[in-house]
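Have a look at the structure below, then the notes.
The values are calculated or read from the model by the stated rules, or taken from the named source; none is laboratory data. What you see is a predicted model, and the numbers here were worked out from it, not measured in a lab. Cβ placement follows ideal geometry from the backbone for every residue including glycine, while neighbour counts extend to all protein chains displayed. Quick note on the areas: whole protein, heavy atoms, side chains included, nothing else; ligands and nucleic acids left out. Shrake-Rupley method; radii C 1.70, N 1.55, O 1.52, S 1.80 Å.
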Amino acid sequence: MSMRNSNEDTGEGPHANAPILKLPEDALLAIFETWQALDDDLLHPTQPSLSEWYSLTHVCRSWRHVIHEHARHLGLRLSFTYGMPVKEMLGSLPPWPIALNYDWSLRSSLRAADEEGILHALQHPSRLQEISLHSNPDDSLLEQFIMGMTEPLPGLEFLRLHSGENRTTLPATFAGHSTPDLQTLLLDGFTFHSIPPFLVSATGLKHIDLRNMHGDTFAPTQDLVACLSSLTRLEKFTVEFESAPGRPTDAWQALFDPSTLAVLPNLIELTYKGPSAYLEALLAAITTPLLETLRITFFHQLTYTTPRLSHFVRSLGEAEYAWLIFAVNHASINFRINEQAGRMGHCFISLPCKSIDWQISSVAQVTGSLEQFTARLERLNIDFPGFNQPTGSKDVALAAWYGIFRGFASVRTLRMCVWSGRDHPLHTQVCWALIQEDLESGGESSQASLLPALSTLELSTYPGEEAKKVIGTMKLLIAARERAGKSVVLRAM
């Protein structure tokens, strides 16, 4: 289907009585909506270009009125970015919604003309649909924007502000307390002691991403929960601290009001980075019946106490397997949740620290608190990508492995992967942790105390002396289990 331009009809020319010019507004709108998804080739749907829409506005007054009046509904907008003459273009183009994309990811620098154009576009608050701005250390544009934007933004759907190193404070007057159409909010590096009032009006929010928040200048948990309780359409929520709050751990728990419980019926993804205490207070105050993905990165701590996390993870459903990864700079605990009602769940817990001994100890603490969840798992994977030799006391490391394995009482399959010739000492350490008690008892034990249900050892490796050493240790484990009357099969892949 092709729509061609014609001279603008004034109602007095030879085409004044053309039937298409007499169509009611709703019929014209329906035709334009259909045209959005059709091209000359009906098998390859495309969307018309802005220039084609602009041509249609010159067909006649009624067409121009319908297109301009329903521009947002038709998906029409004027997009501006670095180097574009915003002021001149706004003066000559139709009054369609405005999108400003001056994001840091484009790796461009603002020039004086860009700043002038942005400030000019901000004089049309009712037309602003998307705003993406970042702050450079040597400019004040972002601060001018957030301090000067005190009028409501009734059509704003997407807002991304990156403060960078400037640590900008978001004022309570921003957006005149009103952003009713906002669907996506991304704030990076901001400080605010209370929840911005404009969020209360944004009941249609689907995605909130708060990153690099300073712990001592972030809203208390109960304020955040009170705000979330009104955002029933929220699907993705991220909150990441840049630094830990200065208040004591138990102070966060004291802020939790058990009478305030936020039900997030559509939340499918939750991402958190920060101290475990704030997360515990947050998880205690929210319910997420459709959650599919939980991503957690804890700050490095001496101790991890996460009883609420245990309850929250169990609500995801039955796990298919656990995967423990000990990498160069962090350890991670990953769970894959069995499919339920067509949904497959995932849980990722990251523990950043370099020392392998600290990593094993931290994993032991967190998995220990998740024992009610891990006790039913039948498959456990353990990997050491990038690590070399274990450090510290052998006895301390073995004790930490004991702590990990005690939480996996139902595991039948243990799988390990030798990534290189350097990481095999860690694999042998895992095996020794499992057979230590059997060897000390001289094989007289009739019941394995660690991984008692183990029946299969899987090793993914390459041919070589290091692999032979790991396999040799695994055979010692198999022999120890056989003496206890347990049959274990080794599968080297």
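Cβ separations smaller than 8 Å between residues 6+ apart or across chains give the following pairs from segment 311-322 residues that are of a type in the set (D, E, K, R) to residues that are open to solvent by 20 Å² or more (accessible area, probe 1.4 Å): Arg314/Gln372; Glu318/Asn338; Glu318/Arg376; Glu320/Arg336; Glu320/Asn338; Glu320/Arg379. For segment 81-117, a residue qualifies if it is under 29 Å from the mean Cα position of the chain (by Cα) and part of a helix (DSSP H, G or I), and the qualifying residues are Trp104, Ser105, Leu106.
Selection of segment 443-485 for residues being at pLDDT below 85 and open to solvent by 60 Å² or more (accessible area, probe 1.4 Å) yields Glu444, Ser446, Gln447, Ser449, Tyr462, Pro463, Glu465, Lys468, Lys469, Arg483, Gly485. A search for C-beta distances below 9 Å between a residue of segment 85-104 that is among the hydroxyl-bearing types (Ser, Thr, Tyr) and any residue that is at pLDDT below 85 and assigned to a strand (DSSP E or B), counting only pairs 6+ apart in sequence or on different chains, returns Tyr102/His134.
Restricting segment 330-358 to residues that are modelled with pLDDT of 90 or more and either part of a helix (DSSP H, G or I) or of a type in the set (S, T, N, Q) (or both) leaves a set whose member that is nearest to the chain's Cα centre (by Cα) is Ser350. Based on this model, can you work out whether Tyr272 counts as assigned to a loop (DSSP other than H, G, I, E, B), at pLDDT 85 or above and among the aromatic types (Phe, Trp, Tyr)? No, not satisfied.
Kindly establish whether Tyr82 is modelled with pLDDT of 80 or more, among the hydroxyl-bearing types (Ser, Thr, Tyr) and surrounded by 12 or more Cβ atoms within 10 Å (Cβ to Cβ).
Yes, satisfied.
Kindly list, by first and then second residue, each pair from a residue in segment 227-248 that is within 13 Å of Leu199 (Cβ to Cβ) to a residue that is modelled with pLDDT under 90 and among the acidic types (Asp, Glu), limited to pairs with Cβ atoms under 6 Å and residues at least 6 apart or on different chains. Sorted first by the residue in segment 227-248, then by its partner, the list stays empty.
Would you list the strands (runs of 3 or more DSSP E) that sit entirely within segment 119-209 and hold 1 or more residues that are more than 25 Å from Pro265 (Cα to Cα) and among the hydroxyl-bearing types (Ser, Thr, Tyr)? Please lay out each step first, then the result.
Details: elements: 128-134, 158-162, 184-188.
In segment 119-209, the matching strands (runs of 3 or more DSSP E) lie at 128-134.
Under the condition of being under 15 Å from Thr297 (Cα atoms), in contact (Cβ under 8 Å) with a residue 40 or more places away in the chain and open to solvent by less than 30 Å² (accessible area, probe 1.4 Å), the residues counted in segment 353-374 number 5. What do you reckon, is Ala281 of a type outside the set (Phe, Trp, Tyr) and assigned to a strand (DSSP E or B)? So Ala281 does not fit the description; no. Residues that are among the aromatic types (Phe, Trp, Tyr) and either closer than 25 Å to Cys417 by Cα or open to solvent by 10 Å² or more (accessible area, probe 1.4 Å) (or both) were ranked within segment 283-311; the one that is modelled with the lowest pLDDT is Tyr304.
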